[in-house]
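Chemist: Have a look at the structure that comes next, please.
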Amino acid sequence: MGAKQAGTRAVDPRVRRSEQALQNAVLDLVGERDLESITIADITQRAGIGRATFYLHYKDRDDALLAAVDESVSEAAHRAAQCCPTHFTDDVVGTPEPLVGFFAYFHENIRLYRVLFGPDGSARLAYRVRTAVTEQITKELVDLDVPSPSGKGRLVVAPAARAAFLSGALLGAVAAWLEEDTPRPAQEVADEVWVLLTTVTATG
């Protein structure tokens with residue numbers, strides 16, 4: 001829902017219909033052209049809705065984009081959270097299915113995320129993805145109490161720091177993968193990332 005939508009208008013079916021039409025138009029356009037070339041006029045024309053109505057829902061183009069991709073971003077964040085170490089036992093064999101599923105989801109939505117993570121993407125959208133993933137992962141973690149690398153006592157790593165590390169690793173791998181001319185299978189990339197994650201864990 002757009003940033004300007006509030007109060008009882010959220011339950012008005014007409015408002016919902018126009019909002020959905022605008023979001024569908026945004027997603028259609030993202031699938032057809034570069035993000036920077038998409039204008040508010042393009043969105044309203046595709047949606048069959050006037051410019052004034054657009055501004056009742058959204059303050060600008062990126063605000064509409066954020067609303068349009070919110071469901072997909074939430075799903076990506078949910079899948080990322082399933083990749084937390086807390087979901088795996090020590091005797092896990094091979095790359096965990098949730099990690100493969102995480103990369104498979106991005107492959108299924110490759111056009112959208114190539115736009116979001118690409119050089120001409122929106123900084124606001126990239127920030128939204130990163131924040132959503134980090135917040136969702138944080139909910140799955142607890143403090144990590146380990147011996148300090150300095151040899152002096154113990155070190156407590158807070159969930160927020162652990163989540164930032166894991167989300168950065170996952171999304172960094174996704175961004176690099178999607179830059180490939182012909183992205184490799186999700187399984188192959190997940191295997192590589194799993195090796196890296198377990199190596200980092202093993203070496204502290």
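Bear in mind these aren't lab numbers, they're just calculated from the coordinates by the rules spelled out. The shown structure was predicted, so the numbers you read here are calculated from the model rather than taken from an experiment. Don't worry about glycine lacking a Cβ; one is built from the backbone with ideal geometry, like all the others, and counts go over all protein chains shown.
Chemist: Could you give the nm distance between label points at residue 52 and residue 37, where each point is 7 Å from its Cα heading toward the beta carbon?
Modeler: 3.2
Chemist: Here's a follow-up. Kindly write out, for region 21-36 in residue order, the coupling ³J(HN,Hα) from the Karplus curve 6.51 cos²θ - 1.76 cosθ + 1.60 (θ = phi - 60°), rounded to whole Hz, with x marking Gly and Pro.
Modeler: Karplus values, whole Hz, x for Gly and Pro: 4, 5, 5, 5, 5, 4, 5, 4, 5, 4, x, 10, 8, 5, 4, 5.
Chemist: Residues with amide H under 5 Å of residue 49's amide H, sequence separation 5 or more or different chain, H placed in the peptide plane at 1.01 Å from N; which?
Modeler: none
Chemist: Which is the longest run of the chain containing none of the trypsin sites (Lys or Arg not before Pro) found in DSSP loop states (not H, G, I, E, B) with at most 13 other C-beta atoms within 10 Å?
Modeler: Details: sites that count: 4, 33, 59, 139, 152.
Of all site-free stretches, the longest is 60-138.
Chemist: Name the most mobile residue of 187, 23, 45, meaning the one with the largest mean-square fluctuation, in a Gaussian network model of the chain with Cα contacts below 10 Å.
Modeler: Most flexible of the set in this elastic network: 45.
Chemist: At what distance in nm do the modelled label points of residue 154 and residue 182 sit from each other, each positioned 7 Å from its Cα along Cα→Cβ?
Modeler: The two pseudo-label positions are separated by 5.2 nm.
Chemist: Still on this model: In what sequence do 150, 18, 167 fall when counting other Cβ within 10 Å, fewest first? Spell out each step's value before the answer.
Modeler: Numbers: 150 7, 18 19, 167 24.
Lowest to highest Cβ neighbour count: 150, 18, 167.
Chemist: Say R0 is 41 Å: what FRET efficiency, to the nearest 0.05, do residue 109 and residue 143 get from their beta-carbon distance? Write down the numbers at each step before the final one.
Modeler: Numbers: r = 34 Å, r/R0 = 0.82.
Plugging the Cβ-Cβ distance into 1/(1 + (r/R0)^6) gives 0.75.
Chemist: Let me have the relative contact order for the chain, percent, based on Cα pairs under 8 Å that are six or more residues apart.
Modeler: Working: 208 pairs, mean separation 42.2, N = 204.
Value for the chain: 21 percent.
Chemist: Same structure, new question: Using only the C-alpha atoms of the chain, find the volume of their convex hull and express it per residue in Å³. Each step should come with its number before you reach the end.
Modeler: Numbers: hull volume 29.4 nm³, N = 204.
Considering the Cα atoms of the chain, their hull volume per residue is 144 Å³.
Chemist: Can you tell me what percent of all Cα-Cα pairs in region 130-169 are more than 11 Å apart?
Modeler: Numbers: 474 of 780 pairs.
Result: 61 percent of Cα pairs exceed 11 Å.
Chemist: Subtracting the Cα-Cα distance from 0.36 nm times the residue separation, let me have the gained length for residue 20 to residue 199 in nm, one decimal. Walk me through the intermediate numbers first.
Modeler: On the way: separation 179, 0.36 × 179 = 64.44 nm, distance 4.46 nm.
Full extension of this stretch gives 60.0 nm more.
Chemist: I want the local charge near residue 95. Using Cβ-Cβ distances under 10 Å, sum +1 for each Lys or Arg and -1 for each Asp or Glu among the other residues. Write down the numbers at each step before the final one.
Modeler: Numbers: positive: none; negative: 97, 188, 191, 192.
Summing Lys/Arg as +1 and Asp/Glu as -1 gives -4.
Chemist: Determine the sum of side-chain charges near residue 185: Lys and Arg each +1, Asp and Glu each -1, restricted to other residues whose C-beta is under 14 angstrom from that of residue 185.
Modeler: On the way: positive: 184; negative: 108, 180, 188, 191, 192.
Here the count lands on -4.
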